[in-house]
1. In the stretch 124-131, is there at least one residue being without any contact (Cβ under 8 Å) to a residue 40 or more places away in the chain, open to solvent by less than 10 Å² (accessible area, probe 1.4 Å), over 13 Å from Leu36 (Cβ atoms) and in a helix (DSSP H, G or I)?
2. Among the residues of the stretch 72-89, which ones are over 18 Å from the mean Cα position of the chain (by Cα) and closer than 22 Å to Thr168 by Cβ?
3. Identify, by number, the condition in (1) touching a Phe, Trp or Tyr at 6+ places or on another chain (Cβ under 9 Å); (2) touching a residue at least 60 places away in the same chain (Cβ under 8 Å); (3) surrounded by fewer than 16 Cβ atoms within 10 Å (Cβ to Cβ) that His201 doesn't meet.
4. Does Leu113 qualify as being at pLDDT 95 or above and either surrounded by 19 or more Cβ atoms within 10 Å (Cβ to Cβ) or touching an Asp or Glu at 6+ places or on another chain (Cβ under 8 Å) (or both)?
5. Condition first: among the charged types (D, E, K, R), part of a helix (DSSP H, G or I) and under 26 Å from Asp146 (Cα atoms). Now tell me which residues in the stretch 14-50 satisfy that.
6. Considering each residue of the stretch 242-259, count those that are assigned to a helix (DSSP H, G or I), open to solvent by less than 100 Å² (accessible area, probe 1.4 Å) and over 13 Å from Asn189 (Cβ atoms), and give that number.
7. Which residue pairs have Cβ atoms closer than 6 Å, lie 6 or more positions apart in sequence or on different chains, and pair a first residue in the stretch 146-166 that is assigned to a loop (DSSP other than H, G, I, E, B) with a second residue that is β-branched (Val, Ile, Thr)?
Amino acid sequence: MRTALLQSSGHPGAVVENLKVLDAAAGRAAAAGAALLLAPEMFLTGYAIGDDIGRLAEPADGDSADAIAELAGRHGLAIAYGYPERDGEAVFNSAQLISADGTRLANYRKTHLFGGFEHDHFTPGEQPVVQAQLNGLTIGLLICYDVEFPENARGHALAGTDLLLVPTALMHPFQFVAESLVPVRAFENQMYVAYANRVGHEGEFEFAGLSALAGPDGVARTRAGQVEELVIADVDPALLAASREANPYLRDRRPALYGALS
């Protein structure tokens, strides 16, 4: 399944403009044969927008979800994107996957909030493994800091995730997460990991770029630089099956030994 990663910070605070950026990226991705487009964490609204997070937060089935469903259908590819989700008085840092026919397939709420900024503006999610079926693959969702906890990725591996989508807002000086940790997560859990980052300065943050699609062999199939760009690579089910057969990590686990770790 050809997968496109949009590395962009869009237009912070401007939902309509960000939908236009997503529309244009979806067009380029579809023209390249992609069946899935992944946009970064909080792409819908921008990340460093302070109290505007609460003002711009929408329900999972809100107007912007409808707009993205329309453009997914128009371009004929699935889209996953980050956004602030409102549910009553609570606001979550969420990611949603919408299919090429406009169906809302999965919605995930970030479980591990990073730093004072996120703790001040979001409620943590409570469901660690969220999955959907897409084009014969089991798709999982995490957001940024979540993937830095090995338990989260291993939970997805044990639940059968083939492709883990990770919209992110990775900042300097943590480039090693994109460069090293993400490929290791893919290898140790025998899955593909798609990691789509923001890039450039936004408020007090400087985002690191370096978006990547890593395979179960720990090799990045594509890697962005530190500019806005769209990168594309293939998720190969045959390679995934062969790698899982050859790699014994999950088969050699001894869960009875691990109880004290929690």
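The values are calculated or read from the model by the stated rules, or taken from the named source; none is laboratory data. A quick note: this is a predicted structure, and the numbers were derived from the prediction, not measured. All Cβ positions, glycine included, derive from the backbone under ideal geometry; neighbour counts span all protein chains shown. Protein only, heavy atoms only, side chains kept; ligands, DNA and RNA dropped before computing areas. Shrake-Rupley method; radii C 1.70, N 1.55, O 1.52, S 1.80 Å.
1. Within the stretch 124-131, the first condition is being without any contact (Cβ under 8 Å) to a residue 40 or more places away in the chain, and the residues that meet it are 124-131.
Pick out the ones that are also open to solvent by less than 10 Å² (accessible area, probe 1.4 Å) and you get 125.
Keeping just the survivors that are over 13 Å from Leu36 (Cβ atoms) gives 125.
Imposing the further condition that a residue be in a helix (DSSP H, G or I) reduces the set to none.
Within the stretch 124-131 (the criterion being without any contact (Cβ under 8 Å) to a residue 40 or more places away in the chain, open to solvent by less than 10 Å² (accessible area, probe 1.4 Å), over 13 Å from Leu36 (Cβ atoms) and in a helix (DSSP H, G or I)), the answer is no, since none of the residues qualifies.
2. Restricting attention to the stretch 72-89, the residues satisfying the condition of being over 18 Å from the mean Cα position of the chain (by Cα) are 73-76, 86-89.
Answer for the stretch 72-89, where residues must be over 18 Å from the mean Cα position of the chain (by Cα) and closer than 22 Å to Thr168 by Cβ: just Arg86.
3. (2)
4. On the way: at pLDDT 95 or above: yes; either surrounded by 19 or more Cβ atoms within 10 Å (Cβ to Cβ) or touching an Asp or Glu at 6+ places or on another chain (Cβ under 8 Å) (or both): yes.
So Leu113 fits the description; yes.
5. Initially, the stretch 14-50 is screened for residues among the charged types (D, E, K, R), giving 17, 20, 23, 28, 41.
From what's left, part of a helix (DSSP H, G or I): 17, 20, 23, 28.
Within the stretch 14-50, no residue meets the criteria.
6. The first filter runs over the stretch 242-259 and keeps only residues assigned to a helix (DSSP H, G or I), leaving 242-246, 255-257, 259.
So of that shortlist, the ones also open to solvent by less than 100 Å² (accessible area, probe 1.4 Å) come out as 242-244, 246, 255, 259.
Next cut, over 13 Å from Asn189 (Cβ atoms) only: 242, 246, 255, 259.
So the answer is 4.
7. Once the first residue is assigned to a loop (DSSP other than H, G, I, E, B) and sits in the stretch 146-166, its partners that are β-branched (Val, Ile, Thr) give Ala159/Val129; Gly160/Thr138; Thr161/Thr138; Asp162/Thr138.
Each row is one residue, and each column tells you yes or no for (1) in a helix (DSSP H, G or I); (2) more than 19 Å from Glu151 (Cβ to Cβ); (3) out of contact with any His (no Cβ under 8 Å at 6 or more places or on another chain).
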| position | (1), (2), (3) |
| --- | --- |
| Val177 | yes, no, yes |
| Ala186 | yes, no, yes |
| Phe207 | no, yes, no |
| Thr222 | no, yes, yes |
| Val231 | no, yes, yes |
